[in-house]
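Heads up: the structure comes next, in structure tokens.
The values are calculated or read from the model by the stated rules, or taken from the named source; none is laboratory data. Since the model is a prediction, treat every value here as computed from it, not as a measurement. No Cβ is skipped: glycine too gets one built from the backbone with ideal geometry, and neighbour counts run over all protein chains shown.
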Amino acid sequence: MKSFARVIISAVFFALIIGTSAMAQTAKLQIDQLDRLFPKAVETIDVRIDGGLLQMASKFLNGKGADEQAVRELVSKLKGVYVKGVEFDKAGEFAESDVQMVRNQLSAPGWSRIVGVTSKRDKENVEVFMMLEGDVISGIGVLITDPKQIMVVNVVGPIEPEKIGQLRGSFGIPGNLDLNWNGAKREKRN
């Protein structure tokens with residue numbers, strides 16, 4: 001009976017460890033499938049900066065200015081920044097399923113769509129999603145498409161909305177931009 005109890009306790013402990021790490025990774029989008037489009041593209045973007053590299057990069061921001069301190073604080077907590085982009089000479093070089101693969105992940109429980117912009121004239125779509133854990137943003141996903149391009153931006157890690165507000169008026173962010181997301185209307189995915 002004691003060995004059975006140990007097995008149960010070990011199994012529960014193991015499940016908790018796996019469950020915790022799986023939850024922490026849900027904000028990271030699987031976008032490597034877009035790599036197969038690279039050979040046909042005229043321009044590609046592939047950025048993969050994991051937590052360790054971000055930590056090292058934040059140490060280079062050693063200025064005393066408010067801008068650098070705010071960025072250093074934001075970057076020091078991030079787990080990763082990932083960008084994939086492909087642009088083609090002509091329309092039709094990628095399938096709707098390539099876009100849908102990303103959109104399906106961003107429609108999963110936990111993600112909330114906060115911005116959706118569609119231009120019928122340019123046939124460009126921009127969608128911004130965020131994943132919340134309590135009052136902290138744990139991930140941001142941006143999907144930009146038009147007939148000749150796909151771009152995905154994925155920021156993983158805790159981002160406090162009030163910290164983002166500290167960047168107003170710097171790095172090209174307008175000073176009058178309302179970054180108070182606490183009251184923002186958004187489509188919640190459960």
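May I ask you to verify whether S97 is touching a Ser or Thr at 6+ places or on another chain (Cβ under 6 Å) and either part of a helix (DSSP H, G or I) or under 28 Å from P147 (Cβ atoms) (or both)?
no
Out of the residues in the range 59-90 that are in a loop (DSSP other than H, G, I, E, B) and either more than 30 Å from Q33 (Cα to Cα) or among the small types (G, A, S) (or both), state the one that is nearest to the chain's Cα centre (by Cα).
Going through the qualifying residues, I end up with L61.
This table checks each residue for (1) out of contact with any Pro (no Cβ under 7 Å at 6 or more places or on another chain); (2) assigned to a loop (DSSP other than H, G, I, E, B); (3) modelled with pLDDT of 50 or more; (4) loosely packed, with under 11 Cβ neighbours inside 10 Å.
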residue: I140; (1), (2), (3), (4): yes, no, yes, no
residue: L143; (1), (2), (3), (4): yes, no, yes, no
residue: V155; (1), (2), (3), (4): yes, no, yes, no
residue: P158; (1), (2), (3), (4): yes, no, yes, no
residue: K163; (1), (2), (3), (4): yes, no, yes, no
residue: L167; (1), (2), (3), (4): yes, yes, yes, no
residue: F171; (1), (2), (3), (4): yes, yes, no, yes
residue: P174; (1), (2), (3), (4): yes, yes, no, yes
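Restricting the search to the range 70-125, which residues are of a type in the set (D, E) and surrounded by 14 or more Cβ atoms within 10 Å (Cβ to Cβ)?
Across the range 70-125, the qualifying residues are E73, E87, E93, D98, E124.
Report, by residue number, each residue of the range 79-122 that is of a type in the set (D, E) and free of Cβ contacts under 8 Å to residues at least 12 places away in the same chain.
Of everything in the range 79-122, just one residue is of a type in the set (D, E) and free of Cβ contacts under 8 Å to residues at least 12 places away in the same chain, namely E96.
Residues checked against (1) outside any helix (DSSP H, G or I); (2) modelled with pLDDT of 80 or more; (3) surrounded by 10 or more Cβ atoms within 10 Å (Cβ to Cβ):
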{"site": "A15", "(1), (2), (3)": "no, no, yes"}
{"site": "I18", "(1), (2), (3)": "no, no, yes"}
{"site": "S21", "(1), (2), (3)": "no, no, no"}
{"site": "A24", "(1), (2), (3)": "no, no, yes"}
{"site": "F38", "(1), (2), (3)": "no, yes, yes"}
{"site": "R48", "(1), (2), (3)": "yes, yes, yes"}
{"site": "G52", "(1), (2), (3)": "no, yes, yes"}
{"site": "A57", "(1), (2), (3)": "no, no, yes"}
